[in-house]
Each structure stands twice: as structure tokens, then as C-alpha cells.
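Just below is one structure, and these are the notes that go with it.
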Amino acid sequence: MSSDKEATIDHPDFEAVIGLEVHAQLQTKTKAFAAVESEYGEAPNTQLTPLCLGHPGTLPQVNEELIHYTVKMGLATGCDIAKRSIFARKNYFYPDLPKGYQISQYETPICFDGEIEITLPTYKKRIGLTRIHMEEDSGKSLHDQDPYHSLIDLNRAGSSLIEIVSEPDIRTPQEAYAYLTRIRQIVQYLDICDGNMEEGSLRCDANVSVRPRGQKAFGTRTELKNMNSFRNVEKAIQYEIDRQIALIQDGGEVMQETLLWDPNAMTTRSMRSKEEAHDYRYFPEPDLPPIVLDEAWLHSVKIALPELPDVRRARFIEQYSLGIDDAMTLTDQRALADYFESLVEASGDAKASSAMVLSNVLRVLNERGWSIEQFPLTSSELAQIIALKRDGKVNSSAQTTLFMELVNRAANSALDPTSKAKGVNIEDLAKELDLIQVSDDSEIEPFVDQVIAQHPEEVARYKEGKTALMGFFMGQVMKVSRGQANPELAQSLLRKKLD
Amino acid sequence: MIPSFLSDRKALLEGTTTLLALVQRSLDAIDATNDEVNALIDVYREESLSEAKRIQAKVDKGEAGPLAGAIFSIKDLFAHKNHRLQSASKILDTFTSVYDATVVERILAADGLILGRANQDEFGMGSSNEYSVYGPCKHPEDYQRVPGGSSGGSAASIAAGYCNLSLGSDTGGSVRQPAAFCGIVGLKPSYGRISRYGLAAYASSLDTVGCFGATVEDVAACIEVIAGQDVHDMTTLSTEVPSYLQELQDRDSTTKSLRFGINPSWFSEGLDPEIKHQIEWILDGLKEQGHEVKEIAMPAQSASLSTYYILATAEASSNLARYDGIHAGYRSAQSEGAKLEDVYTLSRSEGFGPEVKRRILLGTYVLSKGYYDAYYGKAQKVRRLIQREYEEAFQQVDAMILPTTPTTAFKAGEKVDDPLSMYLNDIYTLAANLSGITAMSVPIGRHSNGMPIGIQIQTPVSDELGCFQVGTLIENLSSKEKQ
């Protein structure tokens, strides 16, 4: 794989080889093989059909959305798409797998040979994708709800899932992190998965090995599981790399095994050794016919693909004259980019819109832990605030005050449905809050005169050439006008009187 | 006298009998012999009487559905809402279905009446109906003998006069073989012709829903209702289902000359000489009527048995994994407090019978890492060879004619401890499942031991009509002999 500049990790003598298996839960309306919905957070065991329960005689039906969404992901990551592929059964016993097998794909994944570009602070790199295949999810085993029993929730059983398998091209935990966030970004742009790792709609297992720098052959790998956040993936991989290097340096040998990450203890523990590994006894799923895709359909999916992050970023730079960093921030999440573009459209001012989103909106989202979907103000409301500033009715500090007031009111009204904060006229609100700036010479002049009268010493020094004191006078005018004086007018009046 | 659906229906529609009388006739027969025959393991008495009244009311108003007058038993592996489904296995102890199989739904919608659940070999695995948690089903004419299997209870329930139609399943011969043993007609439709939705799976790529009746037309009348594409089963065929009865009547008058094929090796070693003789007599009769009979060598068929027992057991090992002691069905009494793996082991060891365990073990083995290519992979290839042989044969002939079984109904206990000799009983039926074609057994007289003999007719995929047509020809020939 090419890269502008290879990363160097902490250790000078060893390098890590990392491959990731990412499971993404698709937002198909119904489950992968059963006509029943599956929503996160519903009451346990309420989203079921006899099939989800594994009742005798039930048969799977392929959800066409599952195929469509998977192909979208394949096309967005440069994969080849198999014109004919089959489902396979992966056989293993576990209580949250009622059929005793998972419907998956084995020898013929629907998408293969793709790649994803990741961006790190100092370099870019392409990570190969071995394959993307479709499968059904298992149910959930709950071991901490009852002191004596494990409980099983089968709502998730049979939900649509894709597994995205990378080539062993990743070399550092930071690259793994970048790869994961990139996958999240793509699935969100494609609108096929919400990308939420904490809720389990994105899950990641990592295969990690180390080898002396310069050695071609891979070392013995371990598989890491149970990393339920992006940061945990990074931490667990770093921990495992350090563990393997230390082990080898102590003359030990890495054992092939599956390890569980414990996010509280920040360590891993062994789940099963190579000898205990399952033999899944894959064989072609006899209940489902092969998936055969025709060229015309593939073409229609291709042309309907949404604009992907890279393309959108380039367009933002071009169309809105944004800097590369700002464009990257704004296109990081599709929903934020959508919000920004609707604000540009409503306000007619790309520069003011990007400033508004980058400084005000993102700060509020960070402070309150909101997603852009949870942000309570519409783009047309924000456009009105921008318009007030553009028309000289509020200055920038008043604009921020007004913005925060609207956010607070909207957030409170969301809590209190009887409140009528929404639908308030924003200009009226600005007046009510005394935020409208005075843009009339005759009203500003008394403030200017007052400041000149109160500061004879500074006036004298200014006249001696200390023109930097203009800032001081401006500050004083804003202070006595309680921030309402139009700064441009105030400054020109000051100049007139002092120069 | 074996009750015929179409005769009963005729009498019902003409008003010379009532559905209540037909049900009562069934219940009387059941009361007389079912304790001994053990063909039905559950009889829905109250439900049948109230259903009979409901359907009779429709008959009286002239609104009767196409299966009014049919009294069904269904094999114990069909989902029938709010009724038990046990596949004759301890492992499905206490299990009640929460939904209707597509075939059950279609039967009920057509005013068919389901009288009870029929005995079978556990999960459809067996050829004598001796592997059942309910105890063996016996041949209605000779309690020392077996009715065949696995759908033994279904066949026996018709032969014993308990009902006039029955649903079974045929994965390797489980409809045709008991039909031959019991002297009735049994059809294995083309794979995908009838929805498997609601049929507890044994080997998904081989399983078919089959039907038993006294005559070819009885069976055709049933298939006409239950066949056809189903959204719940993605392996069902989209080809249209003809109106079989109408077509049979229309064609009767204009029967053209047909070409029949026989594979010489089917008639060599291992075949009872009397069965051979009887089939040759039928073939001679067909020739006399102006039909052509030609020999077609089908060498790949000799691998049917080994191919079948690899593919069927592989699929079975996966299909039966769901019976794990955790979800629906039997859980070992020693499970409380046991480790998860022990819950599985105990429940499955106690819940499955010997033949099912044998096939799960065999199937697990052939799918194991390192063995897959040698067994499952190779068997898939041989299966395609067998399919191709049939495709080529049907380029030359309209139907293949062969025995259904190498012997007539054998004695109970004779083969139960010798799996291979039991498996060999299906030697003539397995290839039809492997290739997905249509096949039917039709009775053609009796052996000197008193037991019925069946002949097997095989026609191409989706050509059930051709099978029925040949079946009626042979039925006519056979009844001439009796006169």
C-alpha cells in the first residue's frame, strides 16, 4: 500500500501489523431475513417472528435492502461487486443464536478488493479491503441483569449486518482509529448505518501481530474483541502491541488466541486459545437461492450514490472558498455538512455560515454532547441571526448572546412542551434583550463625546501619535453604550473628533 | 376398502353423505384399530366435528372449497397453529406451533379438514417408522410388518381408512416408499413445487412436501391446491400450477404415444423377482398400448446412496442444531445449575433418538475442517452429475419407470439395528431428491406374501402433470389385471 510517509510508532525495533473486522448494523427497515422491524432500545423480545426464535419450519427470506445497502458500501469503497454470490451457514452453538447457525457469506462475498483512504496528521494512506459480506446479527446475552441467570434478548437476532474485513495494512493504533472513523463517515454518508459504536451498530475486532522491523513474514496474531468505543480500539491495540513486544523481548512467544478487552481494567484477558477455536462448518445455505445482480441494477445503484466525503470536501473548498481544515471539519459528518449547506442556502452567505457553524454551533454541540441532529435551532433561524448582523442591527458579541439565548430557550422548550419559545420573532427577541445596536450618528455621538470628556489624558496621548489608543476608545464607547453602538459608526465618529 | 377423496367428495356434493358422516366413519375406524396400528398420534375429535359442521354449511350453500370432503392426517413435522408439532421426537416435547405452514394454510382455506397428526420416523429419518418417540407405527394389513417410513403414519392412516388424504414429507423416499408398502399413491413433487414453509427441516435442499391418496386423481386434486410459489419459501418455483384434474380429463381422450425409459441396472441384483416381474408386466402393457420403452444407462445413479447420506446428514446436522435445550422444546432435567455446554450435551443426548444422533454425527463429520472437500464438496459434484443424467434422459423420454422399493413391506425389527440395510431400502428413491425431479409411487398389485407392490414414475422438474398422466395409465392397466 502506498503512503506519503510511513508512521513511526514508539518502538524502534518492532512494527505492528493490524487488520480490522468491522461489523456495521444496517438501517434496513426490516430484519435481514424476516419481515419484522428491529429498532434499538425496544422492550426485550418484542420484535420477533417465529424465524427469529428458530421455530421448526421457518425459512429465511432475503431483504432486498440488505443487498442494496451492502452494494452501496462496496461501490463507495471501490470494491468489485460479485455478479453472483451465495449465502452460507456458519454453525455454532450459543444461546443468543436460536437457529444454531448464522446466515452469512463465506467463499463468495458480495463485495471484494476495495480500499479506504485514511488521513492522519502528517500523512495519508490507503488501507485495502479484503471483502464486505452480508450476514444476520445474533441476539444479545445479558449476564448482569439477574444474579442467577443469563437473560437473552432476541430483538437484534436476524438484524442486517455487514462485515468489512481489511487487509493487514494498518500499522499503528492511530491508523486503526483513523480507519474506523473513516468507515463511520462513509456509512453515515451512505445513510446505511448510524455508526454508533456505543449502541453496537458499529463493532470492531482487531487482529494484531508484531514483527521485527524489516522482516517480511507476519508474527503470530491475536484477535481482540469487546472494544466498544473508537478510543477503546486505539487503547486496546496499543496495549496488545506493547504486550506482544514485551513478551518477545523477554524471550517468550505470542500464542494465537482470542482476547477480550476490559475497558475498566485497561487490560485484555484470554477468551479462547487456538485449540478451542470453533470449527464453523460453513456450507452453502440451502434455503436461499444465489444472489444474482444484473448490470443495469448495479449501474442504477452507482449513479444514485450520494456525494461522498472527499468529493464534498473538495466542492466546499471550491464553491464556498473554505480553507481545507474548515472544509474537513464541516464534511466530517454528513448531517453537519447538510446543516451547513442548508444554512448557506437560507442566509445566502457562505462565509458567515461557516463562521456560525464552526464557532457557535460546534461549540454548543461539544459542550452539551449533542449530535447535530439534536441541535434545536433550524438553519432558517440561524440565517435570521446572520441577517441581523449583516444588516448592522447586532454586532458580533450581541450575535453570540442572541444565539445562546435562542439555544437555551429551544432546549428548555424541548423539556417543557407548553413553552412557546419556538416561533418567536428573532429581531423582537434581540430588541427585548437590548441587543440591537445603535446605528444612528445622533444617538452614538453622545457616547463618543462622553468618552472623550472622561479621558483627557488618553486623548492627549492619542493626539501625540499614540493611535493604538483607538482600541481603548472603542472599548469605552461600547462599554458606555452597553455594547449597542454600531462599531463602524462609533469608530468613524471617534476619528472625526480626534483626528 | 381405502377411502378415496374424490369419491367421498362426489357423494358429499351430491348429498348422499355428509361431512359429519365421513368424519364419523374416520373416527370409527380409528377407534377400531389405531391403538394397534399407531398411525395417528393425535386425533382432533372435537375440532373435526365442529369443522365438519362449518364446512357442511358451506357445502349446503354451494360454496364449498376445492378440498371440501377431504379428511387429512398430517405428518408430525408440519406447523399447525395451536397444535402440537413434535417430529416424533422427545426433543420437541411440549412444543406447540404458533403459526401455520403454507400447505396447512392452503388446505384449510380450501375447506380441507385436518383430523390428526400422523406418526413418523423422528425428524423424517428412517424407512420403517420404528424410530418414533410415540412407538412404532404398524402396517395396517399385517401388524408384524412396517408401513415404511419416514411418513409411515401418513400412509398407514389412509390404508387403515382413517382419512382420505395425507401430507407427508419426502427427503429420500419418505412418501413413495411407505405409499408402496401400504398400497396407495404417494407423490414427491419437484423440489420447490410446494412450499416448505412450516415443514420442520431435515435436509433443506432435498426436503419436499408430499401427498398420499387412494388414487392418482385424489393426489392430483390435493397438489393442485397446495402447490405453487410462496413468498415465505425463496426456493419455490415460479412456474404456474396447471389445473391437474381438468387437464387429466381433457388429455384422457387424446392420449398420445409416450416414451418411457428404464435404466437396466435398476432391474438387476437386489430387486425382489416378483416386483421385477410385476413392473415388466406393466411395461409390456404400456408397449401394447403403443407406447415406447427404451433403455437408458444412468451410471452416476450408483453413487446416489453415498451422495445422499453425505448431503442430507450435513444439512441435518445444521438444521437440527436449533434443538439445543435452550429455546423451544426439551431441556434435560439435570440442566439446572449445569454449565452451558452440559445443558446442550445432556438435552441433546436425552432428546434425540439413535438414528437422528447417527445422522447428526455423520453430518458434523463431513462438514468438518479438512474433510469438507473430500465429502461435502465431492458429493455436491456427484449430485450435479446425477442431475445432468436425468436432464439428458428426459431429452429422450417422457418418463422413467422403476421400482419404488427393492422389497415389499418388511418385518418390524428386521433392519432397525442394521442402518445400512435400512438405508438400502431407499436405493430407488434417493436420486429423485438429489436431482429435484417429480416422482410418484403407484400401487400395481400384490406380492405372493400378500403385501402391495409399488411402481415408481419419474418425470422432469415441474412436470407433475406428466407424472399424474402416466400414473392414471398405470392405474388403469393395473385394475385390468385385477379383473
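None of the figures in this text is laboratory data; all of them are computed from the coordinates on show. In this text, all values refer to a predicted model and were calculated from it rather than measured experimentally. Don't worry about glycine lacking a Cβ; one is built from the backbone with ideal geometry, like all the others, and counts go over all protein chains shown.
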Label point distance in nm, A:LYS431-A:SER359, each placed 7 Å from Cα along Cα→Cβ: 2.7
Rounded FRET efficiency, nearest 0.05, which uses the C-beta distance separating B:GLU414 from B:LYS10 and R0 of 60 Å: 0.90
Reciprocal of mean inverse Cα separation for the stretch A:126-170 (Kirkwood radius, Å): 13.0
Calculated FRET value between A:GLN256 and A:ILE324, using beta carbons and R₀ = 35 Å, to 0.05: 0.20
Relative compactness, the stretch A:14-300, computed as alpha-carbon Rg over 2.2 N^0.38 Å: 1.02
Cα pair distances of the protein assembly as shown binned at 20 Å [whole percent]: 12, 33, 26, 18, 8, 3, 1
Order of A:LYS393, A:LYS140, B:LYS188, A:LYS463 under a 10 Å beta carbon neighbour criterion, fewest first: A:LYS463, A:LYS140, A:LYS393, B:LYS188
Between the stretch A:186-234 and the stretch B:144-191, the alpha-carbon center distance in angstrom: 55
Cα pair distances exceeding 26 angstrom across the stretch B:5-257, given as percent: 34
Computed over the stretch B:303-373, Kirkwood Rh from alpha-carbon pairs, angstrom: 13.1
Simple spin-label estimate for B:GLU47 and A:ASP242 in nanometres, 7 Å along Cα-Cβ: 6.5
The stretch B:308-334 versus the stretch A:424-499: alpha-carbon centroid distance in Å: 85
Under-5 Å amide H pairs with B:ASP230, H placed in peptide plane, nonlocal only: B:THR236
In the stretch B:1-84, GluC sites (Glu not before Pro) in a DSSP loop with at most 15 other beta-carbon atoms within 10 Å: B:GLU63
Diffusion coefficient, µm² s⁻¹, Stokes-Einstein with Kirkwood Rh over alpha-carbon pairs of chain A at 25 °C and 0.890 mPa s: 91
Exposure proxy order (Cβ contacts within 10 Å, fewest to most) of B:ARG117, A:ARG243: A:ARG243, B:ARG117
Bins of 10 Å from zero: percent of alpha-carbon pairs in the stretch A:441-498: 25, 61, 13
Loop trypsin sites (Lys or Arg not before Pro), the stretch A:54-92, which have at most 13 other Cβ atoms in a 10 Å radius of their Cβ (DSSP): A:LYS83
Estimated [θ] at 222 nm from DSSP helical runs (n ≥ 4, -39500 (n - 2.57)) normalised by residues in the protein assembly as shown, nearest 500: -12000 deg cm²/dmol
Folded to 0 to 90 degrees: helix A:64-76 orientation relative to chain A principal axis, Cα: 70
Alpha carbon Rg of the stretch B:1-125, scaled by the compact-globule rule 2.2 N^0.38 Å: 1.08
Sites excluded, GluC sites (Glu not before Pro) in DSSP loops with at most 15 other C-beta within 10 Å, longest stretch of chain A: A:308-463
Percent of alpha-carbon pairs separated by more than 15 Å within the stretch A:182-228: 59
Within straight-line cross-link reach of A:LYS124, lysines at Cα separation under 21 Å, skipping those fewer than 8 residues along the same chain: A:LYS5
Helix A:334-347 vs. chain A, principal-axis angle (Cα, 0 to 90°, nearest 10): 30
Antiparallel bridges, percent of DSSP beta bridges restricted to chain A (to nearest 5): 95
Efficiency of FRET between B:LYS357 and B:GLU336 - r from beta-carbon atoms, R0 35 angstrom, step 0.05: 0.90
Computed lengthening from B:ASP93 to B:ALA109, 0.36 nm per intervening residue step minus Cα-Cα distance: 2.9 nm
Disulfide-incompatible cysteines by the Cβ rule (no partner under 4.7 Å) in chain A: A:CYS52, A:CYS193, A:CYS204
Unit Cα scatterers, Debye sum, the stretch B:243-391: log10 I(q)/I(0) for q = 0.18 Å⁻¹: -1.07
B:LEU424, A:LEU336 arranged by Cβ crowding within 10 Å, fewest neighbours leading: B:LEU424, A:LEU336
Size of the stretch A:81-207 as Cα extents on the principal axes (Å, biggest first): 52, 38, 28
Gap separating the Cα centres of the stretch A:315-330 and the stretch B:399-440, nearest whole Å: 74
Linear extension gain, A:ARG482 paired with A:MET266, 0.36 nm per residue minus alpha-carbon span: 72.5 nm
Per residue Cα convex hull volume in Å³ - calculated over the stretch A:307-432: 105
Base-10 log of normalised Debye intensity for the stretch A:224-352 (one unit scatterer per alpha-carbon) at q = 0.17 Å⁻¹: -0.92
Rounded to 10°, Cα long-axis angle of helix A:441-454 versus longest principal axis of chain A: 80
Pair A:GLU117, A:ASP294: separation of 7 Å Cα→Cβ label points (nm): 3.5
Chain lengthening between A:GLN145 and A:GLU37 when straightened (0.36 nm per residue, less Cα-Cα): 36.4 nm
Surrounding net charge for B:LEU108, when Lys and Arg each add one and Asp and Glu each subtract one, Cβ distance under 10 Å: -2
Measure of compaction for the stretch A:350-394 (Cα Rg per 2.2 N^0.38 Å): 1.19
